[in-house]
Amino acid sequence: MFKKFASNPEFRQFLKDKISVSAFFVLVVFYITILFAGFFAVYSKDYSNRALSYAPPSNVYFIDKEGKLTKPYTYNWIRVFNKDTLSIEYKQDRSQKYYLKFFKKGFEYKFLGLFKCSRHFLSVDNGGELYLLGLDINGRDNFSRILYGGQISLTIGFLALLISFPVGLLYGGISGYTGGFIDAFMMRFAEAMMSIPSFYLLIILAAILPSGMTSSQRFALITVILALIGWAGFARVVRGMVLSIKTQDFIKAAEVTGCSKMRIILKHILPQTSSYVIIAMALSVPSYILAESGLSFLGLGIQQPDASWGNMLKEAQEFSNIIYRPWLLTPGFLIFVAVLSYNLIGDTIRDILDPKSKVK
């Protein structure tokens with residue numbers, strides 16, 4: 001099966017585009033790290049060291065004082081008050097080295113949500129502190145929170161697609177194939193949905209959600225809201241494709257043989273739209289990622305202490321944090337990379353599957 005897929009001309013054409021292949025591997029790395037977040041995270045979701053609020057990233061050394069290559073190690077941060085500048089500063093406590101450890105036991109987590117495990121890819125000696133991307137205002141490790149937050153920010157797009165695309169595909173197929181008054185009524189309803197400003201609607205709906213909801217419940221509702229907004233435009237394009245497909249000879253043949261309308265739509269018409277569906281899915285995921293990040297950034301999405309890239313980026317909106325604590329901008333950079341990667345892959349797939357792009 002793999003050989004048959006590898007010999008597919010579209011797949012081989014995709015592999016020739018080095019930029020898209022690189023974008024694909026970037027997304028693979030992203031999803032592997034969030035899938036095994038408990039394994040790659042240095043600390044747990046609930047870890048907090050308020051005594052080191054806004055501590056900078058830990059410095060990792062590979063060379064000792066004598067200039068010899070050694071095992072990677074780090075020093076703990078000490079928080080001091082500078083009387084001259086009247087500000088809090090962090091200095092390294094060089095009295096004790098703490099060596100980095102790989103595959104060491106640490107806090108317990110559920111591996112893939114199935115069974116308990118305590119092994120971690122990276123940790124530090126007992127008593128040591130390792131903050132690869134520094135700490136936030138509450139003393140929480142940004143690196144670990146980015147991994148856990150990515151589970152929300154990077155999966156919401158796929159969950160929304162599971163709702164919006166089947167609805168839009170079936171809605172557009174029925175509208176286009178049926179025609180007449182039913183088609184006109186269904187399209188007017190879809191156009192009414194499209195006329196609603198989606199982001200402002202999201203803000204309103206997210207704002208009126210009960211304050212006592214957990215982040216998991218809020219995440220589920222935001223996913224449903226995003227899906228119910230996004231299906232209309234997709235259904236309209238599918239309906240236009242169905243109008244041309246239903247005039248084909250193989251559709252007439254299916255009608256003559258006595259196939260029901262729903263069978264013709266599901267078995268003969270909608271599979272012909274697969275090229276557009278694949279392209280639309282690849283290009284729709286970034287918009288869902290940005291929508292969730294925007295809501296969380298505004299404080300209307302995932303709520304603290306649960307992490308998402310959007311609400312983590314909210315802390316970087318202060319000018320002083322941008323200047324003096326640039327590590328807080330990491331979630332925004334990851335959002336940019338993820339969205340760019342999806343767009344690059346979607347554009348390449350569109351060029352490959354669009355018949356007009358093959359005409360030389």
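The values are calculated or read from the model by the stated rules, or taken from the named source; none is laboratory data. Because the structure is predicted, anything quoted here is derived from the model rather than measured. For neighbour counting, all protein chains shown are included, and Cβ atoms are generated from backbone atoms with ideal geometry for every residue, glycine included. These accessible areas exclude ligands, DNA and RNA; they are computed on the full protein's heavy atoms, side chains included. Shrake-Rupley method; radii C 1.70, N 1.55, O 1.52, S 1.80 Å.
Key figures for this structure:
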read-out	value
Candidates Tyr171, Tyr200, Tyr148, filtered to the one that is more than 21 Å from Met312 (Cβ to Cβ) and at pLDDT 85 or above	Tyr171
Helices (runs of 4 or more DSSP H) wholly inside segment 266-360 that include at least 3 residues being in contact with a His (Cβ under 9 Å, 6 or more places away or on another chain) and free of Cβ contacts under 8 Å to residues at least 24 places away in the same chain	none
Residue within segment 17-36 that is in contact (Cβ under 8 Å) with a residue 24 or more places away in the chain, part of a loop (DSSP other than H, G, I, E, B) and loosely packed, with under 15 Cβ neighbours inside 10 Å present	no
Scan of segment 171-185 for residues that are touching a residue at least 40 places away in the same chain (Cβ under 8 Å) and either of a type in the set (A, V, I, L, M, F, W, C) or in contact with an Asp or Glu (Cβ under 6 Å, 6 or more places away or on another chain) (or both), ordered by number	Ile174, Ser175
Only one of Phe185, Phe143 that is open to solvent by less than 70 Å² (accessible area, probe 1.4 Å), assigned to a helix (DSSP H, G or I), more than 19 Å from Ile245 (Cβ to Cβ) and modelled with pLDDT of 85 or more	Phe143
Qualifying residue in segment 98-114 (condition: of a type in the set (A, V, I, L, M) and either touching a helix residue (DSSP H, G or I) at 6+ places or on another chain (Cβ under 6 Å) or under 30 Å from Thr155 (Cα atoms) (or both))	yes
The lone exception for Phe319 - which of (1) at pLDDT below 85; (2) out of contact with any Leu (no Cβ under 9 Å at 6 or more places or on another chain); (3) under 28 Å from Met281 (Cα atoms); (4) not β-branched (Val, Ile, Thr) it fails	(3)
Residue match in segment 303-314 (condition: farther than 24 Å from Leu221 by Cα, open to solvent by less than 20 Å² (accessible area, probe 1.4 Å) and either within 17 Å of the chain's Cα centre (by Cα) or not hydrophobic (A, V, I, L, M, F, W, C) (or both))	no
Conditions (1) in a strand (DSSP E or B); (2) more than 28 Å from Phe333 (Cα to Cα); number of the one not met by Glu66	(1)
Filter result for Leu270 (out of contact with any Phe, Trp or Tyr (no Cβ under 8 Å at 6 or more places or on another chain), within 27 Å of Leu162 (Cβ to Cβ) and open to solvent by 50 Å² or more (accessible area, probe 1.4 Å))	no
Segment 315-345, subset among the aliphatic types (A, V, I, L, M), open to solvent by less than 70 Å² (accessible area, probe 1.4 Å) and within 12 Å of the chain's Cα centre (by Cα), residue farthest from Ile222 (Cα to Cα)	Val337
Which listed residue, of Lys68, Lys105, is open to solvent by 50 Å² or more (accessible area, probe 1.4 Å), farther than 30 Å from Ile323 by Cβ and either more than 30 Å from the chain's Cα centre (by Cα) or of a type in the set (Gly, Ala, Ser) (or both)	Lys68
Scope segment 276-297; condition open to solvent by 50 Å² or more (accessible area, probe 1.4 Å) and either in contact with a helix residue (DSSP H, G or I) (Cβ under 7 Å, 6 or more places away or on another chain) or over 30 Å from Leu329 (Cβ atoms) (or both); matching residues	Tyr276, Ile278, Met281, Leu283, Leu290, Phe297
Residue match in segment 264-271 (condition: in contact with a Lys or Arg (Cβ under 6 Å, 6 or more places away or on another chain) and closer than 20 Å to Arg350 by Cα)	no
Some residue of segment 169-178 being open to solvent by less than 70 Å² (accessible area, probe 1.4 Å), farther than 26 Å from Tyr342 by Cα and not in a helix (DSSP H, G or I)	no
Residues that are among the hydrophobic types (A, V, I, L, M, F, W, C), in a strand (DSSP E or B) and crowded, with 18+ Cβ neighbours inside 10 Å, drawn from segment 121-140	Leu122, Val124, Leu135
From Ser87, Ser118, residue being within 15 Å of Ala41 (Cβ to Cβ) and either surrounded by fewer than 16 Cβ atoms within 10 Å (Cβ to Cβ) or hydroxyl-bearing (Ser, Thr, Tyr) (or both)	Ser118
Residues located in segment 72-96, provided they are basic (Lys, Arg) and within 12 Å of Asn59 (Cβ to Cβ)	Lys91, Arg94
Scope segment 74-84; condition open to solvent by 100 Å² or more (accessible area, probe 1.4 Å) and of a type in the set (Phe, Trp, Tyr); matching residues	Phe81
